[in-house]
Structure formats: structure tokens, C-alpha cells
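The values are calculated or read from the model by the stated rules, or taken from the named source; none is laboratory data. Computed from a predicted structure; not experimentally measured. Quick reminder, even Gly has a Cβ in these numbers, built from the backbone with ideal geometry, and neighbours come from all protein chains shown. Just the protein is used for accessible areas: all its heavy atoms, side chains included, with ligands, DNA and RNA removed. Shrake-Rupley method; radii C 1.70, N 1.55, O 1.52, S 1.80 Å.
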Amino acid sequence: MTVQTSNFQPGSVAIIGGGLTGLSLAFRLQQKGIPFLLFEKDDRLGGVINTIRKAGFQYEEGPNTGVLSTTETVELFEDIGCPTEIANPAAANRWILKKGEWVALPAGFWAGVTTPLFSFKDKLRLLGEPFRKKGRNPKETLAELVVRRMGKSFLDYAVDPFISGIYAGDPNQLITKYALPKLYQLEQGYGSFIKGAIKKSKLPKTALEKKANKAVFSAKGGLGSLIESITSKLDQEALYTGSEVRHISKTSNGFSLKIKQGDRYKFFEAERVVTSSGGSYLKNLFDFIQPQLFTDIVNLRYAKVIQIAVGFNHWKGTKLNAFGGLIPEKENRDILGVLFPASIFPGRAPEGGALMSVFMGGIKKPDLYDKTDEELKAIALKALRELFHDETLSPDLFELFRYQQAIPQYDSSSEARLAAISAIEENHPGVFLAGNIRDGIGMADRIKQAYHLAEILSK
Ligand SMILES: Cc1cc2nc3c(=O)[nH]c(=O)nc-3n(C[C@H](O)[C@H](O)[C@H](O)COP(=O)(O)OP(=O)(O)OC[C@H]3O[C@@H](n4cnc5c(N)ncnc54)[C@H](O)[C@@H]3O)c2cc1C
């Protein structure tokens, strides 16, 4: 059944997707007095962000923590009045697995000199980093860049595990310019990571910039509370859940959207359209854009990720006084790493207990995704028993979540993808392609993109 709806408002924006990008954009547009309609295909808002409370544990289905790295993230938290939770200082510690044992990533000079993580030769080489010539290849992979400036052991025991933790990716495939643009700019702008970091730390900062201090954050009550806070501030009449955008066509005013709600179809109109969904959804959405123009966008590869929340009512094992442990590829394990949310934030596990978030799969081990939940849990438990040297480990909470399209990989296909996005937007004024197909993969990147887009849409 199809219902025709006439609801056009001049200047209005239709937002497709009610994850963090779509909700932050809606909030910012509302602040600026721009009418919007937000469509989310699921019955719940938040996209991959969801906090679950069960049997004394509070755990995340998707992201566990963000980094307060953009001023827009600070502004959003302040404007919606959502209290942040900032990581416990003890969680500044990051563990890396080497030869089967956890080793803390060095934080100070002396720890850096004595750490067994990096070779003596590379430690000496690091002293020469400020004097090394800057790279000239904008298509250089992250692995090439790190080996060139710092040495192979830094790639193997710092960058590789961190890229597993952030991108579930492979530094040999990610292109620094797109995947870690700030790092790329440090070298290009200052000639060296070390010189760049020192000079940048001395630049004057506004009060707001000082608050974007790279602290690790969640929201009080978990990241789900951030979603609830944003949602509660929005015009509820403009939010359509259980509403999948199936088709978009041009009208004399702007655009008409065909929305599937259960077994009914409804039409809505808006002057501008913003998508925030992954590449594969976009191809057949616009009847006025040839599907082949989306090829370079659809080519974006995503890492498949399995996340398992593992809880213990009583924990008597290794003291988990760290953010978590990351596992270099060289260590040849079946899991990518494990976070300790109850060590980072309060109230994640019963008193005296522990909570872990185990990550598996990623770009390097995509086949794990095809295993059953039971097989994956057995692999995770075996890995945890080995890593914590305790054959008796037996979780009280064991919940598994899968993401077929978890983290986009900004690899060598990025240049063509960004060109395709620009070409579509230029040729079709009023169409904006947002979300994690561009501008970064983290939550702070999503909020920053949404705020910038709101600025453009308000002109
Ligand atoms: C397992 C995992 C762990 C992560 N860990 C971290 C972390 O530790 N730190 C960090 O900063 N970031 C992390 N991230 C990334 C972060 O969660 C995302 O960048 C962010 O939440 C994405 O928000 P989004 O709105 O862009 O996309 P999504 O959350 O994917 O939202 C897009 C929404 O669009 C909807 N949609 C799609 N097509 C349509 C349609 N046709 N009609 C209507 N609705 C549609 C979808 O249902 C979805 O709700 C992680 C992500 C995953 C998956």
C-alpha cells in the first residue's frame, strides 16, 4: 500500500540514517533552525552504538570508547547536557603481547629506552627521526611510512597492533594520507613526527580547543546515553524509525523519498538530502544517478568484526590495570585484542568482577566471520585462557555481536572514492554523501563531519 504525503518545507533536509552522524547532524540543524526529517530503517536509533545492562554488567555492543579529539565532540556533549565519563588514569596503560606475555607500551623516556618491545637498533634510529627527510609519495602505505621513519620493530609491536585495534585493518594496505591524516600532516607540515608533535603542542589554543584534549571518553551510563541525550533534544515529530529509505527522485522543489514502513510505502519531500549509510546502500537509492557512478564508492572495503563481551562476577587473575591488550600479527593469535571496560570506567562489572571486550576477525582474518557463535566463543575462551595463563577461566557473561561492515578501510581505493563522491555532489546540488565513507572512522570524526555539514547546509 502506498500513501502520498505532502510535507515539503523550504530549506528542509532529509537525513538518511539515525546513527551518530545522522543524529548529530539533526541536532546541529535544529540548533540553526533548519527543518529536518530523519529516517532510520531500524526500530532503534543509534546505529552501531548500543549499551546493554544485564546481570550486573554494563557493556557496549559497538564502540566502547571514543577519543575527545575534536572540538565539535566537546560542543555536542556540552550542548545536549550529557555528562561524559573520562577514562580512569590507570587505563592510560596499554599492553602489547610479545612472546606470549603482556608488555606495557612505554610512556616515558626511560621506559622507552628499556622496553623489550622494540629493537635496540630501532631505538637508536628513533633519535634520528627529526632529521630524516620527509616522504614524497602521497600514496605511501602506513607500513612503509613507519618503517622509513621509525623502523620495522615499531611497525610490528606498536603500529600493527594499534591498527588492529582501531581499524581492524592492515598497515600494509592503509594509505596514511587517508587513514591517519593527522600523522601524514605532521610529516608533511613539520618534516618529522617528533618535531611536529612538539611544535603543535606549543601552538596557542582557544578554551574550546583545550577541552579537545584527546581524553578517552564514554558517556555516563554508557554510549547509549549519548544517543538518548541527543534524541531527547530533537523534535520527535521529525524522527522516523522503522523507516527505510528505498528510493530518491528529483522534484521541482528538491527531492521525493520513498520510505518503507512495515508493509506500507510513504512519500516525503525535502529540499536537500544527506545520506549517512555505508557505500553498498547508496548504489540503487537515487533514480537520477547512474548506479555505475557509485562503483568507486561501493568498492570501499569494510573489516568484518566480531565483538564478544566477556564478564566475570569474581576476578582473581592478572590485575587488569590497563585500557586493554593488543596483539601484533607476529604473535599469531586468533583474537585481535581485548579491552578492559571495567578498568576504564566505573560500574561496568559487579564489585570484584571484570569485564572484557574481545575483538576478532578484521581484514587479516575475515574467514573467522563464517564460524558459528559457539565456535567463535570457544576460540575466544581458549585465547583468553592462554593470555591470562589460567585454564579454569569461565565467564559468567558471554555475548557475541557481529558486524559485517564494521570499519571502512581507507586504502588505495580512497582517492577514486573521494573523487566519485565529489563528482556526484557537484553534479547533483542538494545531494550530500556523508557517513564513514569519508572523513574518518571514529565517533569524534562522525560528529565533526555532521557539524561541518550543518554549517554548509545553513549557508
Ligand atoms: C564494532 C565496532 C567498534 C567500534 N569501536 C569504536 C571505538 O572504539 N571508538 C570510536 O570512536 N569509534 C568506534 N567505532 C566506529 C563508530 O562506532 C562509528 O564511526 C559511528 O558510530 C558510526 O556512526 P554512523 O552514524 O556514521 O553510522 P551507523 O552507526 O552505521 O549508522 C548508520 C545508520 O543508517 C541506517 N540506514 C542505512 N541505510 C538506511 C536506509 N536506506 N534508510 C534508513 N536508514 C538507513 C542504519 O540502520 C544505521 O542505523 C566502532 C564501530 C564498530 C562497528
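Details
- Karplus (6.51, -1.76, 1.60) ³J(HN,Hα), θ = phi - 60°, over the stretch 320-326, in Hz, Gly and Pro reported as x: 8, 8, 7, 5, x, x, 10
- Separation of alpha-carbon centers, the stretch 293-326 and the stretch 11-37, rounded to whole Å: 29
- Efficiency of FRET from Cβ geometry, T251 and A419, R₀ 35 Å, rounded to 0.05: 0.80
- Placed amide H near F286: partners under 5 Å, 5+ positions off or other chain: I248
- Share, in percent, of DSSP beta bridges within the chain that are antiparallel, nearest 5: 70
- Scaling the Cα radius of gyration of the chain by the globular reference 2.2 N^0.38 Å produces a ratio of 1.01.
- Across the stretch 275-287, computed HN-Hα scalar couplings (Karplus, 6.51 cos²θ - 1.76 cosθ + 1.60, θ = phi - 60°) run 9, 10, 8, x, x, 5, 6, 6, 3, 9, 7, 9, 7 Hz from first to last residue, x flagging Gly and Pro.
- Sparsely packed trypsin sites (Lys or Arg not before Pro) within the stretch 208-272, loop by DSSP, other Cβ within 10 Å at most 16: K214, K220
- Loop-located chymotrypsin sites (Phe, Trp or Tyr not before Pro) in the stretch 381-457 whose Cβ has at most 13 other Cβ within 10 Å (DSSP): none
- Taking the 1.4 Å solvent-accessible surface of the chain as the whole, the part contributed by carbon and sulfur is 53%.
- Taking all protein chains as shown and a probe of 1.4 angstrom, T71 keeps an accessible surface of around 30 Å².
- The stretch 378-395 and the stretch 267-283 have Cα centres lying 44 Å from one another.
- Listed by chain and number, the lysines placed with their C-alpha closer than 26 angstrom to that of K266 are K41, K233, K250, K258, K283; residues fewer than eight positions away on the same chain are left out.
- Length gained when the stretch S394-K316 is fully extended (0.36 nm per residue, less Cα-Cα span): 26.9 nm
- Dipole magnitude of the stretch 277-330, debye to nearest 20 (Cβ charges: Lys/Arg +1, Asp/Glu -1, about Cα centre): 420
- The stretch 169-232 shape via C-alpha gyration tensor axes, a/c threshold 1.5: oblate
- Derived scalar couplings ³J(HN,Hα) [the stretch 340-354; Karplus, 6.51 cos²θ - 1.76 cosθ + 1.60; whole Hz; x for Gly, Pro]: 10, x, 6, 8, 7, 10, x, x, 8, 9, x, 3, x, x, 8
- Placing R0 at 25 angstrom, the Cβ-Cβ distance between N332 and N172 gives a FRET efficiency of 0.90 after rounding to 0.05.
- Computed over the chain, relative contact order equals 26 percent, with contacts defined as Cα pairs under 8 Å that lie 6+ residues apart.
- Separation between Cα centres of the stretch 119-138 and the stretch 160-201, rounded to whole Å: 14
- Positive-end ranking of T114, G33, G18 along the dipole of the chain, with charges on Cβ about the Cα centre, is headed by T114.
- Distant-in-sequence amide H partners of N50 (H built 1.01 Å from N, under 5 Å): E61, G62
- Size of charge dipole - the stretch 118-203 - debye, nearest 20, with Cβ of Lys, Arg +1 and Asp, Glu -1, no other charges: 560
- Whether the stretch 118-203 is rounded, prolate or oblate, judged on the alpha carbon gyration tensor where a/c under 1.5 counts as rounded: oblate
- Violating pairs (Cα-Cα greater than 29 angstrom) within the set K54/K316; K177/K377; K98/K214: K177/K377
- Charge tally for G224 (other residues, Cβ to Cβ under 10 Å; Lys, Arg +1; Asp, Glu -1): -1.
- Per residue, the accessible area of the chain comes to 46 Å², computed with a 1.4 Å probe over protein heavy atoms only.
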